[in-house]
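Below is one structure, written out as structure tokens; the observations come after it.
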Amino acid sequence: MNHLYMKQVKIVHLLFIIITFISACRKEDLIPPVIKLNGSESIQLDLYELYIEYGATAEDNKDGDLTDRINLINNININRLGKYQVIYSVTDYSGNTEIKSRSVDVVFRTNTDTISNDTIPPVITLFGPNPMYIKINIEYIEPGAKAMDYVYGDLTPFITIASNINTSVAGSYSVFYSVCDFSENCSEVFRTVIVVIDDNISPVITLIGPNPMYIPLYGQYYEPGATAWDETCGDLTPYISITGNVNTNMSGNYPITYYVEDFSGNFDTKIRIVHVGM
Ligand SMILES: [Ca+2]
Ligand SMILES: [Ca+2]
Ligand SMILES: [Ca+2]
């Protein structure tokens with residue numbers, strides 16, 4: 001008993017010495033590593049210009065080269081003007097941390113040389129559907145658009161919108177969006193707006209592919225799709241919703257439902273049976 005007790009005391013003593021030794025080692029180094037950035041500490045990027053990471057190196061008084069342990073955080077958005085930072089941090093094996101940053105300025109290219117050389121028109125992107133359907137006598141609400149230019153950035157406030165819509169007469173109309181950059185490169189796009197009358201005739205869904213559809217067990221199911229046509233609204237294919245799941249790992253009959261509604265609330269629905277099995 002006494003012998004065992006002495007042995008335990010010895011072990012505890014030994015552990016104490018080891019722990020003291022380790023913590024002494026730790027305390028020895030209080031100096032953080034030194035980070036050196038490759039390339040400039042502050043750089044300017046043109047809007048949309050790709051940021052190239054040149055990296056950094058880290059050297060520690062005790063642990064030597066710690067470049068591999070550098071942690072990098074970068075929040076640069078080259079599509080948006082602004083001041084950004086790339087943060088480099090590294091911690092040596094004794095827990096001393098060093099942080100360094102590179103500032104990245106995303107700016108317009110405004111030098112006259114670039115402006116006189118700019119031949120690229122802005123790009124207009126429409127929000128909302130195109131073509132867009134609205135019911136007769138219902139106000140057209142402009143979903144808007146945005147314009148981005150390689151040299152001048154966001155030109156959205158300079159878009160002019162013109163249209164010939166008459167919501168009290170059914171028919172097809174156009175909304176024109178145009179914008180020019182400051183080097184006189186211009187773009188124009190248009191949206192088709194279709195004003196439809198109220199009707200009580202349902203659209204018709206036509207399934208593409210077989211119905212029922214046979215798939216071998218463990219085979220591959222693909223959705224063949226469907227089309228939808230309405231007497232008043234025309235092609236409603238993009239408005240079809242498809243629901244249902246097929247488990248090709250289990251024999252059975254799986255219904256797939258296709259649903260579409262016209263702009264007067266008339267609808268059609270079709271079901272395809274997908275048969276999985278031998
Ligand atoms: Ca150190
Ligand atoms: Ca331009
Ligand atoms: Ca209809």
* Structure fact -> Of (1) out of contact with any Ser or Thr (no Cβ under 7 Å at 6 or more places or on another chain); (2) surrounded by fewer than 13 Cβ atoms within 10 Å (Cβ to Cβ), residue 153 fails just (2)
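Considering only region 94-113, I want to know if a residue exists there that is among the hydroxyl-bearing types (Ser, Thr, Tyr), over 20 Å from residue 183 (Cβ atoms), exposed (fewer than 15 other Cβ atoms within 10 Å of the Cβ) and within 16 Å of ligand 1 (Cβ to nearest atom). Before you say what the answer is, go through the steps one by one.
So the first thing to find is which residues in region 94-113 are among the hydroxyl-bearing types (Ser, Thr, Tyr), and the list is 94, 97, 101, 103, 110, 112.
Restricting the remaining residues to those that are over 20 Å from residue 183 (Cβ atoms) gives 94, 97, 101, 103.
Adding the requirement that they be exposed (fewer than 15 other Cβ atoms within 10 Å of the Cβ) leaves 97, 103.
Still in the running and within 16 Å of ligand 1 (Cβ to nearest atom): 97.
So far as region 94-113 goes, yes, one or more of its residues are among the hydroxyl-bearing types (Ser, Thr, Tyr), over 20 Å from residue 183 (Cβ atoms), exposed (fewer than 15 other Cβ atoms within 10 Å of the Cβ) and within 16 Å of ligand 1 (Cβ to nearest atom).
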* **Given (1) within 30 Å of residue 150 (Cα to Cα); (2) modelled with pLDDT under 95, number of the condition residue 86 does not satisfy** => (2)
* Structure fact -> Among the residues of region 33-54, the number that are more than 26 Å from the chain's Cα centre (by Cα) and either farther than 19 Å from residue 103 by Cβ or exposed (fewer than 14 other Cβ atoms within 10 Å of the Cβ) (or both) is 8
* Asked: Quick check: is even one residue across region 243-265 under 23 Å from residue 128 (Cβ atoms) and in contact with a helix residue (DSSP H, G or I) (Cβ under 6 Å, 6 or more places away or on another chain)?
  -> yes
* Asked: Any idea how many residues of region 31-54 are in contact with a strand residue (DSSP E or B) (Cβ under 7 Å, 6 or more places away or on another chain) and part of a loop (DSSP other than H, G, I, E, B)?
  -> 6
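Rundown of residues vs (1) in contact (Cβ under 8 Å) with a residue 40 or more places away in the chain; (2) over 30 Å from residue 151 (Cβ atoms), yes/no style:
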{"site": "163", "(1), (2)": "no, no"}
{"site": "171", "(1), (2)": "no, yes"}
{"site": "177", "(1), (2)": "yes, no"}
{"site": "187", "(1), (2)": "yes, no"}
{"site": "196", "(1), (2)": "yes, yes"}
{"site": "201", "(1), (2)": "yes, yes"}
{"site": "226", "(1), (2)": "yes, yes"}
{"site": "240", "(1), (2)": "no, yes"}
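What strands (runs of 3 or more DSSP E) completely inside region 230-278 contain at least 2 residues that are hydrophobic (A, V, I, L, M, F, W, C), modelled with pLDDT of 90 or more and within 16 Å of residue 220 (Cβ to Cβ)? Before the answer, list the steps.
Numbers: elements: 241-243, 252-261, 267-276.
Fully inside region 230-278 and qualifying: 267-276.
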* Which pairs have Cβ atoms under 9 Å, sit 6 or more apart or on different chains, and link a residue in region 88-103 that is closer than 16 Å to residue 55 by Cα to one that is within 16 Å of ligand 3 (Cβ to nearest atom)? -> none
* Among the residues of region 55-73, write down those that are over 21 Å from residue 30 (Cβ atoms), assigned to a strand (DSSP E or B) and free of Cβ contacts under 8 Å to residues at least 24 places away in the same chain. => 57, 72, 73
* To do: Considering (1) modelled with pLDDT of 95 or more; (2) under 30 Å from residue 149 (Cα atoms), say which one residue 43 fails and leave the rest.
  => (1)
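How do the strands (runs of 3 or more DSSP E) wholly within region 173-224 filter down when requiring 1 or more residues that are aliphatic (A, V, I, L, M), buried (at least 17 other Cβ atoms within 10 Å of the Cβ) and within 34 Å of the chain's Cα centre (by Cα): which remain?
On the way: elements: 186-196, 204-207, 213-215.
Where strands (runs of 3 or more DSSP E) fall fully within region 173-224 and carry at least 1 residues being aliphatic (A, V, I, L, M), buried (at least 17 other Cβ atoms within 10 Å of the Cβ) and within 34 Å of the chain's Cα centre (by Cα), they are 186-196, 204-207.
The values are calculated or read from the model by the stated rules, or taken from the named source; none is laboratory data. Remember, predicted model here, so these are calculated numbers, not experimental data. Heads up, the Cβs are rebuilt from the backbone with ideal geometry, glycines too, and the neighbour counts pull from every protein chain shown.
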